[in-house]
């Protein structure tokens, strides 16, 4: 092969892949990034025409360490909520094992929290919550096991998170949702997942990653708890 032919061959090897790249890029466009689930439960629009969504009402609940978790401290973070009680024989341990798996996956990320809310005011004392939390390797300050009055917790479940929590016919038992509830940095519910299903929980972990990326990109969040949430056009 003479030098000129060799030069043309090398040039073709360099140029053709670049030409194909730009052709398909212009033809197909950029591949869109995955999107997190949209906020749920729109309530209307504000004066600017932006959709206003249901936000989680303020709450103060006692943690497994005996201190208080205030909902305002969760603003600007992504968090997952579930309802349980420590003497629950079957469903709750399975849900907590799934939550433990999620915590382990995000152990180094300081913008994700987990909140397990007890529906048993009488039996789930601070020591009982602490023992249960330790059993599931809950990291203090990252995974909160919390308690409150029965009426407060039931109202929060039904009117705040829109899931079931109530007394059972058996006075020793409670009816509560098996859902994991994903809440974004604005206090808006993004999606529900089956806390007993590994595949559903895996989907939730993927959505958590997407919401955390939004935080990294600097999307602002609602700092005034009395102000209605305004969702930016993230999508």
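The values are calculated or read from the model by the stated rules, or taken from the named source; none is laboratory data. Since the model is a prediction, treat every value here as computed from it, not as a measurement. Ideal geometry is used to build each Cβ from the backbone, glycine not excepted, and the neighbour counts take in all protein chains shown.
Side notes on the structure shown:
Matching residues to (1) buried (at least 16 other Cβ atoms within 10 Å of the Cβ); (2) more than 17 Å from the chain's Cα centre (by Cα):
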| position | (1), (2) |
| --- | --- |
| 60 | no, yes |
| 65 | no, yes |
| 90 | no, yes |
| 109 | no, no |
| 124 | yes, yes |
| 127 | no, yes |
| 132 | yes, yes |
| 150 | yes, yes |
| 153 | yes, yes |
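- Residue pairs meeting the criteria (Cβ under 6 Å; at least 6 apart or on separate chains; first outside the structural domain of residue 122 (by TED's automatic domain parsing), in segment 72-101; second surrounded by fewer than 19 Cβ atoms within 10 Å (Cβ to Cβ) and part of a helix (DSSP H, G or I)): none
- Qualifying position, being out of contact with any helix residue (DSSP H, G or I) (no Cβ under 8 Å at 6 or more places or on another chain), surrounded by 13 or more Cβ atoms within 10 Å (Cβ to Cβ), closer than 16 Å to residue 57 by Cα and at pLDDT below 95, among 228, 179: 228
- Within segment 66-100, the set of residues being assigned to a loop (DSSP other than H, G, I, E, B) and within 21 Å of residue 126 (Cα to Cα) comprises 66, 67, 85, 86, 87, 88, 89.
- Within segment 125-143, residues that are in the same structural domain as residue 180 (by TED's automatic domain parsing) reach partners that are in a loop (DSSP other than H, G, I, E, B) and loosely packed, with under 15 Cβ neighbours inside 10 Å with beta carbons closer than 6 Å, at six or more positions or on different chains, in the pairs 126/66.
- Residue identified as assigned to a helix (DSSP H, G or I), out of contact with any helix residue (DSSP H, G or I) (no Cβ under 9 Å at 6 or more places or on another chain) and either assigned by TED's automatic domain parsing to the domain that holds residue 61 or closer than 21 Å to residue 156 by Cβ (or both) among 108, 104: 104
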